[in-house]
Structures are given as structure tokens and as C-alpha cells.
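The values are calculated or read from the model by the stated rules, or taken from the named source; none is laboratory data. Keep in mind it's a predicted model, so treat the numbers as computed, not measured. Cβ sites come from the backbone with ideal geometry, for glycine too, and all protein chains shown count toward neighbours. Surface accessibility is based on the protein's heavy atoms, side chains included, excluding ligands, DNA and RNA. Shrake-Rupley method; radii C 1.70, N 1.55, O 1.52, S 1.80 Å.
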Amino acid sequence: MSTVSTTVSPLAGKILDPESLPDIPALIDAYYTRRPDPGVPSQRVSFGTSGHRGSSLHASFNEAHILAICESICRHRKTAGIDGPLFMGIDTHALSGPAQRTAMEVFAAHGVELRVAAGGGFTPTPVISHAILGWNKGRTSGLADGVVVTPSHNPPTDGGFKYNPPNGGPADTDITKAIQDMANGFLKDGLKEVERIPYERAVKAACVQEYDFVTPYVADLASVIDMAAIRDAKVKIGIDPLGGAVVDYWQPIIDRYGLNATVISTAVDPRFGFMTADWDGQIRMDCSSPYAMRRLIGLGKDFDVAFANDTDSDRHGIVAEPDGLMNPNHYLAVAVSYLFRNRPGWRPDLGVGKTLVSSGLIDRVAAEMGRKLVEVPVGLKWFVPGLMDGTLGFGGEESAGATFLRQDGTVWTTDKDGPILGLLAAEITARTGRNPSAHYHEITARLGTPYYERIDAPANAEQKTKLARLSPEQFPLDELAGEKITAKLTKAPGNGAPIGGLKVTTKDGWFAARPSGTEDVYKIYAESFKSPEHLKTIQIEAQTAIANVFDT
């Protein structure tokens with residue numbers, strides 16, 4: 001089986017011609033006028049790890065989907081006894097505004113105590129998590145939950161909608177499956193059971209109130225980040241919101257804490273015409289992509305450290321010399337190493353949370369510090385219990401998303417928080433005199449240099465099902481790339497949850513294979529602590545072995 005070639009577009013890293021940008025009026029018109037066919041799988045409601053996503057142009061994110069989802073959330077709230085406020089956030093994608101209007105019509109019809117940003121502002125994902133946890137602290141009744149209207153870093157033509165229950169984190173699969181199945185039932189039945197009132201009535205309803213999300217989040221940042229150290233060291237910081245939901249948060253943060261920081265752009269454009277194209281020539285607000293981050297990388301030398309967030313601000317991209325844009329895995333290892341050595345208020349038995357496909361360098365950092373490693377399947381939701389009960393100090397995943405506890409060891413957010421990971425880079429620089437890039441190279445000098453890559457390989461639906469249900473016994477190899485296999489995992493060692501694939505480890509390398517939920521491919525994550533050549537051997541042997549499984 002051969003690897004799917006990743007051909008970099010000649011447009012990658014470049015500003016696109018305005019004529020090639022999306023037609024926003026047509027996109028919004030399609031949201032209201034196109035009717036999804038519930039008989040077509042791609043047009044149904046489908047909650048992945050980050051909620052329902054799609055495009056109105058493909059009849060996969062339209063008014064009907066939001067009506068059905070919101071009706072289902074209202075019924076879930078009633079069944080679960082959730083009767084406190086529902087905090088709603090939206091990002092700057094073109095479809096987020098229309099979806100919010102639709103959602104308000106349903107929530108208001110049900111009398112849900114809805115809280116939306118004052119003045120029609122944008123609200124990042126981590127701010128919604130922070131608001132939910134802040135409201136629920138000390139309460140046993142009248143609990144709050146939330147929704148965020150966002151497709152994360154996806155292209156401008158996409159929309160997304162996700163639900164956070166009272167624990168403030170991403171909803172677990174039991175909740176999302178119930179909401180998804182109920183919503184698809186409403187679609188199939190022509191939305192007959194959906195309650196809604198006109199938007200003009202909804203926005204004036206007593207249960208719908210504006211809420212100041214900015215002030216509580218900004219004021220509370222000093223509980224999780226040493227803001228005084230950043231200020232006193234006068235760390236020169238560059239910040240690029242990438243036109244996302246955090247755009248109106250940075251100046252209040254800078255002003256409140258007296259930071260030596262520059263927001264390089266406050267532009268908000270639903271076409272995201274200011275973005276440089278990603279590897280395939282498409283616009284994505286992916287702050288872990290060197291192509292999408294070309295603007296900030298180019299300014300990196302002007303700052304001690306610089307960072308960006310994706311559109312709903314749950315991811316981070318750290319720019320620090322000499323590396324430029326840091327690999328997300330590299331920065332996570334630095335963050336873990338720093339936090340667990342510089343948080344005296346944290347319990348000595350706090351664990352380090354990582355997903356199975358994150359770098360083994362994090363394992364080595366945790367072992368060096370004598371900290372328990374908690375390895376879970378892909379998705380930040382798996383870290384929520386540990387963050388809530390204070391047994392996990394940090395939870396992160398390879399896709400540049402993480403969160404961690406306050407300085408006193410209590411929960412901050414239970415969803416990914418891009419802004420605090422950026423500010424942590426500034427704190428590291430302030431308190432140590434060395435930026436995260438320098439720390440990374442110090443760590444690898446002690447613990448070894450990782451060579452990490454994710455590739456995609458073709459797989460049809462039957463093959464993907466086989467891979468998702470694979471048992472360790474179906475993988476008969478004893479060696480991988482010349483080393484004895486030390487573990488074959490189909491369940492995460494941190495919590496025993498199925499990983500939906502396979503992870504194979506050796507002393508100096510590993511690979512994990514998981515089927516894609518949206519494409520006819522499977523993903524191979526692999527890492528070597530020996531060399532790029534050793535990494536390539538792991539990848540080749542992994543694909544060969546998985547191909548043999550497919551043939552059985």
C-alpha cells in the first residue's frame with residue numbers, strides 16, 4: 001500500500017486572488033434555502049470530536065441542521081435536569097451569525113436562559129468553558145452549559161456547532177450520539193416537532209440576555225499565568241488573532257496587565273482574504289501550519305516570542321527563534337516540562353495528560369520529572385474528569401490544543417485554551433530568559449530528538465471498519481523497524497477507552513493507525529527517536545502490516 005502523496009499547492013503560503021475567495025451572500029443564501037436530504041449520509045447531522053460541521057453549499061450545514069440540533073439540545077437539557085443559563089459563543093466564520101440567529105429562535109421558544117456576547121461580539125471556545133465553570137462553581141442546581149458556533153480552523157465556507165455540558169468540556173460520545181440521533185429524527189420528520197419563534201421576538205425575549213464574557217476571563221488570567229512576570233520582564237510579544245473570535249480580547253488583556261505586546265492585525269473578514277493559503281491552496285486558519293502562518297513567521301524576528309490562535313481560539317501556534325513556527329508536539333513537551341517545575345501550588349502527584357498520537361517526547365519529559373503519564377484516545381474530552389478533580393495538571397493533543405490548571409491547582413478550563421498557551425510562551429521567556437524554542441533544544445539534548453510525521457494512506461469503508469475493530473492478536477509482528485515491539489494497544493492505557501485503531505511501540509519509536517471519519521483514508525502517526533530514515537522504515541512497515549490485516 002502506498003502513501004497518499006501530499007502535493008503542496010503552488011498557492012501555499014500566498015495571499016489568494018480576491019476573485020477566488022468565497023461568495024459570502026451566496027453562502028448565506030444557501031444556508032437558508034438548501035434543504036438537506038436525511039437519506040444522504042453526508043447531509044445528516046454528524047457530531048465528530050468537535051461537534052457538527054459542514055458547508056451550506058453542500059447541504060451539510062443549513063438552517064434545518066441547526067433547528068434540529070437546538071431542539072435536541074433543549075430536550076437533552078430537560079432530560080438531564082439542566083436549567084441554568086446556556087452560554088453561547090460564536091466565531092467569525094460567515095455561517096456563524098446566521099446559525100446563532102436560528103439557535104436563538106429555538107432556545108427562546110423553549111424559554112432557555114440564553115447568554116450571548118454583549119454588542120453582538122465574538123466569543124472563543126475557552127471563554128465559554130471558563131464561563132460555564134465559573135457559574136457552576138459551588139452549585140448543585142441551576143447548572144449552566146453552553147454551545148459554540150464554530151467549525152474551528154476550517155475553510156471560510158464551513159460552519160460548525162458544538163455543545164459543552166455543565167463540566168465545561170466537549171460533550172462525551174453518549175451525549176453527542178443522543179443529540180445527533182434525535183436531530184436526524186427531526187430532519188427525517190420534516191422538523192415538525194421543532195419549536196421556534198421569529199428572531200425579532202427571540203432577541204427581545206426576557207430569557208435572552210447579553211453577557212460580558214470579556215471582563216471575567218481577562219480578569220482571571222492572572223490565576224493561571226504569571227502575568228506580572230511577563231509585564232516586569234517587558235517581553236516583546238507579537239499576537240495574530242488570524243481574524244478569529246479572540247480578536248477583541250487581546251487589547252483588554254494588554255491594557256489590564258501592561259504587556260509589551262503588539263496585535264499585528266485586528267482585521268475580521270468572513271472571506272479571510274488576509275490569510276495565506278494552506279498546503280493545498282485552501283484557506284484554513286490553522287495556526288499549526290507554516291503555510292497559513294506565513295505572516296506571523298515573517299515577523300518572528302521582531303519579537304521575543306509570538307503566537308496566534310485559530311478561529312475559535314482553542315488552538316495555539318508559537319513562533320520563536322531559531323525554529324520559527326514550533327511543531328505543536330515540541331511546544332507541548334516544553335509546556336509540560338516548564339509547568340510541572342514552576343507551579344509550586346500544584347500537587348506533587350498531578351499527572352500529565354496526552355493523547356496517544358502525541359509525541360513520545362512528552363512521555364520522556366514526564367518520566368524525567370517522575371510524573372504519572374495519562375495517555376488517552378484522541379480528543380480533549382478524555383481529560384475533563386482529571387482536570388475537574390485536580391488529578392491532571394495538563395491535558396494536550398498533537399493538533400496544537402491544550403489546557404492546564406490554575407496556579408493553585410484548581411480547574412481553569414476543560415476545553416482547549418489557545419490564549420493561555422500563547423501567554424505561557426511569554427511567561428516561559430520572562431521567567432527563564434530563554435524562549436520555548438531554546439527550551440526545546442535543551443530538552444532534546446537530554447532526552448533525544450523526535451522525528452514525527454502523520455501521513456494518510458487509502459482505505460475503503462470495509463477496511464476502515466476492520467482497522468477500528470482491530471485486536472492486538474491480529475497484528476502478529478514481534479519487531480518494528482529492527483526493534484522489539486514493547487506494546488500493541490487498541491485501548492488507551494490511561495483510561496482503558498478504545499482508541500478506534502492500533503498503536504505499536506518500541507524502545508525508540510512507535511506508530512498509531514486510525515481510520516478517518518470523513519475520507520477514504522486511514523491516518524498513520526509515527527515517530528522515531530533515531531533518525532528520519534528510521535521513521536521512514538516505521539511508516540513503511542506499518543503500512544505493509546496494516547495492508548496484510550486488510551487482506552485477511
| note | F61 vs (1) open to solvent by less than 10 Å² (accessible area, probe 1.4 Å); (2) free of Cβ contacts under 8 Å to residues at least 12 places away in the same chain: all pass except (2)
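Does A445 satisfy being aliphatic (A, V, I, L, M), at pLDDT below 95 and out of contact with any helix residue (DSSP H, G or I) (no Cβ under 9 Å at 6 or more places or on another chain)? Before you say what the answer is, go through the steps one by one.
Values: aliphatic (A, V, I, L, M): yes; at pLDDT below 95: no; out of contact with any helix residue (DSSP H, G or I) (no Cβ under 9 Å at 6 or more places or on another chain): yes.
No: the conditions fail for A445.
Could you tell me which residue of the stretch 357-373 is farthest from Y451 (Cα to Cα), considering only residues that are among the aliphatic types (A, V, I, L, M) and buried (at least 22 other Cβ atoms within 10 Å of the Cβ)? Outline the logic, then answer.
First, the residues of the stretch 357-373 that are among the aliphatic types (A, V, I, L, M): 357, 361-362, 365-367, 369, 373.
Remaining after also requiring buried (at least 22 other Cβ atoms within 10 Å of the Cβ): 357, 361-362, 365-366.
Numbers: V357: 13, L361: 10, I362: 13, V365: 16, A366: 19 Å.
Applying the filter and picking the extreme gives A366.
Kindly establish whether K507 is charged (D, E, K, R), under 21 Å from N329 (Cα atoms), open to solvent by 20 Å² or more (accessible area, probe 1.4 Å) and in a loop (DSSP other than H, G, I, E, B). Break it down stepwise before answering.
Numbers: charged (D, E, K, R): yes; under 21 Å from N329 (Cα atoms): yes; open to solvent by 20 Å² or more (accessible area, probe 1.4 Å): yes; in a loop (DSSP other than H, G, I, E, B): yes.
When the stated conditions are applied, K507 passes them.
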| message | Take the conditions open to solvent by 10 Å² or more (accessible area, probe 1.4 Å) and under 21 Å from the mean Cα position of the chain (by Cα) and apply them to P328. Does it pass? | response | yes
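Can you tell me which residue is least open to solvent (accessible area, probe 1.4 Å) among those in the stretch 36-51 that are in contact with a helix residue (DSSP H, G or I) (Cβ under 6 Å, 6 or more places away or on another chain) and modelled with pLDDT of 95 or more?
Applying the first criterion (in contact with a helix residue (DSSP H, G or I) (Cβ under 6 Å, 6 or more places away or on another chain)) to the stretch 36-51 yields 36-38, 44-45, 47.
Checking which are modelled with pLDDT of 95 or more leaves us with 36-38, 44-45.
Numbers: P36: 19, D37: 75, P38: 39, R44: 92, V45: 3 Å².
Restricting to residues being in contact with a helix residue (DSSP H, G or I) (Cβ under 6 Å, 6 or more places away or on another chain) and modelled with pLDDT of 95 or more, the top hit is V45.
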| task | Determine the pairs where a residue that is part of a loop (DSSP other than H, G, I, E, B), located within the stretch 1-15, has a partner that is at pLDDT 95 or above and open to solvent by 60 Å² or more (accessible area, probe 1.4 Å) with Cβ atoms under 7 Å apart, the partner being 6 or more residues away or on another chain. | result | A12/Y291; G13/Y291; G13/R294
| task | For the stretch 463-477, name all the residues that are open to solvent by less than 60 Å² (accessible area, probe 1.4 Å) and assigned to a loop (DSSP other than H, G, I, E, B). | result | L470, S471, F475
| field | Among (1) open to solvent by less than 40 Å² (accessible area, probe 1.4 Å); (2) without any contact (Cβ under 8 Å) to a residue 60 or more places away in the chain; (3) more than 19 Å from Y452 (Cα to Cα), the one test that L405 misses | value | (2)
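For residues in the stretch 389-410 being in contact with a strand residue (DSSP E or B) (Cβ under 8 Å, 6 or more places away or on another chain), in a loop (DSSP other than H, G, I, E, B) and among the small types (G, A, S), which is farthest from L424 (Cα to Cα)? Show your work before the answer.
Of the stretch 389-410, the ones in contact with a strand residue (DSSP E or B) (Cβ under 8 Å, 6 or more places away or on another chain) are 391-398, 400-405, 409.
Adding the requirement that they be in a loop (DSSP other than H, G, I, E, B) leaves 391, 398, 400, 405, 409.
From what is left, the residues that are among the small types (G, A, S) are 400, 409.
Values: A400: 14, G409: 16 Å.
Among those residues, the one meeting the criterion is G409.
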| task | Filter the stretch 510-524 for residues that are open to solvent by 10 Å² or more (accessible area, probe 1.4 Å) and within 16 Å of S358 (Cα to Cα) and give the result. | result | W510, R514, K523
| note | By residue number, the members of the stretch 478-503 that are surrounded by fewer than 19 Cβ atoms within 10 Å (Cβ to Cβ), of a type in the set (A, V, I, L, M) and within 25 Å of the chain's Cα centre (by Cα) are L489, A497
| query | If G119 passes every condition in (1) touching a residue at least 40 places away in the same chain (Cβ under 8 Å); (2) over 22 Å from I24 (Cβ atoms); (3) open to solvent by 20 Å² or more (accessible area, probe 1.4 Å); (4) out of contact with any strand residue (DSSP E or B) (no Cβ under 6 Å at 6 or more places or on another chain) but one, which one does it miss? | reply | (2)
| field | Qualifying positions in the stretch 505-552 - within 27 Å of the chain's Cα centre (by Cα), within 17 Å of T449 (Cα to Cα) and either at pLDDT below 90 or among the aliphatic types (A, V, I, L, M) (or both) | value | A526, L535
